[in-house]
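Below is one structure, written out as structure tokens, with a few remarks after it.
No lab work stands behind these numbers, since they all come straight from the coordinates. Predicted, not measured: the structure shown is a model, and the values here were computed from it. No Cβ is skipped: glycine too gets one built from the backbone with ideal geometry, and neighbour counts run over all protein chains shown.
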Amino acid sequence: MTHPQGQRGQDNRDTPAERRAPLRGRVALVAGATRGAGRGIAVELGAAGATVYVTGRTTRTQRSEYDRPETIEDTADLVTAAGGQGIAVPTDHLEKDAVRALVERIDTEQGRLDILVNDIWGGEQLFAWEAPVWEHDLDKGLRLLRLAVETHAVTSHFALPLLLRNPGGLVVEMTDGTAEYNAANYRNSFFYDLAKSSVLRMAFSLGHELGSRGATAVALTPGWMRSEIMLDAFGVTEETWRDALEDQAHFAISETPRYVGRAVAALAADPDVSRFNATSLSSGGLAQVYGFTDLDGSRPDAWRYLVEVQDAGKPADVTGYR
């Protein structure tokens, strides 16, 4: 099947319109785009002109066990409003047939896939902070691993043949923490630590499998992200988030989900993105490379701040870190 928009060369972006929308003609799948980082990434890919398929389990007619109001249809509408084309497809990424059908639909409708973002998580309510493995609820821990790891493997299995059809494809494995930080620090619980470290290793492995085939895979982490769930936990909104600093001063380094979205959009538009293949990246680190900012014009570098200020036991002070 021939799809004219997919035939344009990826480096022919010489006009002002193409510079404003560097991902026009590109097709992305953001798996796990209902809220948080996934929504921020989808919207920023749309702002760069991409067609973005957004998946998740919460729709306007049904909710996942999160039981939250955000829906994939809302995300798709935000993508379209930003300048791209958002397409919502309800998908449980543990269901192999559903993921196969999703990829077949993208192939039928677009004939290509240029960007795959594996952001599926779903584990916020499943792990207990600091609980050792022998005290942790085993069923919840194993469910967390399935949602955070198995879903990524299933999605990559079905989506990567389509992504590899054209050179220059990008896979972004979303996690929490850089490889360097997670190698040296215990992350909340046995199950959480294992899940986030597994995703880092998946990006490393995919980089080796994709690099020789003309594609790039990276792991990417946001910093302390002001997701919908995080804002609710602090009892604030995006407009009033600084009120939370009274109880948690280090929250001053936090960032919006759009910040990591801009990181993904910058990677996807970079013709030399392969230099990052199989590596671990952060939103703050990539902001220094590409020059993008968060919505407020700042450049929070949370992982450097975490090591040099918070973990070092110093008073909260974001001077020089955003």
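Only one of the listed residues (Thr80, Thr91, Thr58) is under 18 Å from the mean Cα position of the chain (by Cα) and free of Cβ contacts under 8 Å to residues at least 60 places away in the same chain. That residue is Thr58. Quick check on region 294-311. Is at least one of its residues loosely packed, with under 15 Cβ neighbours inside 10 Å, touching a helix residue (DSSP H, G or I) at 6+ places or on another chain (Cβ under 7 Å) and free of Cβ contacts under 8 Å to residues at least 40 places away in the same chain? Yes, region 294-311 contains at least one residue that is loosely packed, with under 15 Cβ neighbours inside 10 Å, touching a helix residue (DSSP H, G or I) at 6+ places or on another chain (Cβ under 7 Å) and free of Cβ contacts under 8 Å to residues at least 40 places away in the same chain. Against the test of being farther than 19 Å from Arg20 by Cα, buried (at least 18 other Cβ atoms within 10 Å of the Cβ), out of contact with any Leu (no Cβ under 6 Å at 6 or more places or on another chain) and among the aromatic types (Phe, Trp, Tyr), the options Phe276, Phe251 yield a single qualifying residue, Phe276.
For region 173-216, a residue qualifies if it is more than 25 Å from Gly261 (Cβ to Cβ) and of a type in the set (Asp, Glu), and the qualifying residues are Asp193, Glu209.
Return the residue satisfying two criteria in turn: it lies in region 222-243 and is in a helix (DSSP H, G or I), free of Cβ contacts under 8 Å to residues at least 60 places away in the same chain and of a type in the set (A, V, I, L, M, F, W, C), and of such residues it is surrounded by the fewest Cβ atoms within 10 Å (Cβ to Cβ). Lay out the reasoning, then the answer.
The initial filter retains those residues of region 222-243 that are in a helix (DSSP H, G or I), namely 228-234, 241-243.
Filter again for free of Cβ contacts under 8 Å to residues at least 60 places away in the same chain, leaving 230-234, 241-243.
Remaining after also requiring of a type in the set (A, V, I, L, M, F, W, C): 230-231, 233-234, 241.
Details: Met230: 18, Leu231: 18, Ala233: 11, Phe234: 17, Trp241: 17.
Applying the filter and picking the extreme gives Ala233.
Out of the residues in region 153-200 meeting the condition of being over 18 Å from the mean Cα position of the chain (by Cα) and basic (Lys, Arg), tell me which one is farthest from Phe127 (Cα to Cα). Among those residues, the one meeting the criterion is Arg165.
Have a look at Leu200, Leu170, Leu194 and point out the one that is surrounded by 18 or more Cβ atoms within 10 Å (Cβ to Cβ), of a type in the set (A, V, I, L, M, F, W, C), touching a residue at least 12 places away in the same chain (Cβ under 8 Å) and in contact with a Leu (Cβ under 8 Å, 6 or more places away or on another chain).
Details: Leu200 fails: in contact with a Leu (Cβ under 8 Å, 6 or more places away or on another chain); Leu194 fails: surrounded by 18 or more Cβ atoms within 10 Å (Cβ to Cβ).
Only one candidate passes the filter, namely Leu170.
I'd like to check something: does region 108-124 contain any residue that is of a type in the set (A, V, I, L, M) and assigned to a loop (DSSP other than H, G, I, E, B)? Break it down into steps so the answer makes sense when it comes.
Initial filter on region 108-124 (of a type in the set (A, V, I, L, M)): 113, 115-117, 120.
Within this subset, residues satisfying the condition of being assigned to a loop (DSSP other than H, G, I, E, B) are 113, 120.
Yes: one or more hits.
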